[in-house]
Structure formats: C-alpha cells, structure tokens
Amino acid sequence: IFPLLQQFFRWVPDPFRLRSLMLLTVAAEIATLPVVIYTFGRIPVFGPITNLAAGALFPFLLALGALVLLASAIAPWAMTVIAPVATLLGYIFLNIAERATAIPGHLITVPPISLSFFLISVVGLVVVVHLLQRRPRIITA
C-alpha cells in the first residue's frame, strides 16, 4: 500500500521526510482497518495524525528505554539523569493518545461485520494491492 501512496502523492514536497512518514502511517491504517473494524466496531478518525506524532517520539523512547536498562546494570548513578528524561518522553507519548481520545467525534462507530465479510475484505485488499503493484515483466531470452 505504501508504494502506491508514494506514487500517487509524489507531487507533494517531502521536507524532513514528513510526507513519507504520513503516508506510511496512512498505509498502516488502511492495512489494519478491516481488523480494527471487525474487532472494535469503530474507526479512529485521528489515528493517522496521532500515530504520526507518537511515531516520531517512539524511536527516542525506545532508545532511552534501552539506555535505562543498560545504565541500571552498569552505572546506576546515571539513572538520576536518564530515567527522568525517559519518564518525561513516555508521559508525552501517552498524553498524545489521551488528548486525541478526548476530542469529540474521535471515533466513528460502524455496524458489526461478519467474519466472512471481514475475511473477504482482507483478501480483497491484498488482491487489489497486488494487482496495482504489478509491473510489466520483461521477457529475456
């Protein structure tokens, strides 16, 4: 899905790879939408936006978490500096989701779907993506 979105939106400038990050987020939302609808019966309206914001913080949070683990084993005194920074970043990460869920209309409730409709939609999504990504094959002797 992501390569298709990149082709479609190639005319949009990509400063700091923001277009790529947003398109990757939208591609993930599209790919998981059948599962989300089937499981929860709701569509998160602000999902791509909150995922983009949280996704920008996640690599730093993950690296700080690894650093906290390493520092606790090797240099426990360093925890006084690293742990508060990791805690603050974790708080910001969680706060993004909490603020998004506080916005009225952040979820669209959809009628329940059957398992067969779910499976057909997943297979259909895979087939459409496959057909759209097909490239002409060059036959060589």
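Some notes on this structure:
- When the stretch 43-64 is limited to residues that are among the hydrophobic types (A, V, I, L, M, F, W, C) and not in a helix (DSSP H, G or I), the one that is farthest from Arg17 (Cα to Cα) turns out to be Ile43.
- Scanning the stretch 6-45 for residues that are crowded, with 18+ Cβ neighbours inside 10 Å and not polar (S, T, N, Q) returns Met22, Leu23, Leu24, Val26, Ala27, Pro34, Ile37, Tyr38, Pro44.
- Residues being surrounded by 14 or more Cβ atoms within 10 Å (Cβ to Cβ), β-branched (Val, Ile, Thr) and without any contact (Cβ under 8 Å) to a residue 12 or more places away in the chain - total across the stretch 70-107: 0
- Condition met for Leu67 (over 26 Å from Leu24 (Cα atoms), open to solvent by 60 Å² or more (accessible area, probe 1.4 Å) and outside any loop (DSSP other than H, G, I, E, B)): yes
The values are calculated or read from the model by the stated rules, or taken from the named source; none is laboratory data. Please read these numbers as outputs of a predicted model, since none were measured by experiment. Note: ideal-geometry Cβ built from the backbone for every residue, glycine included; neighbour counts use all protein chains shown. We work out accessible area using only protein heavy atoms, side chains counted, and drop any ligands, DNA or RNA first. Shrake-Rupley method; radii C 1.70, N 1.55, O 1.52, S 1.80 Å.
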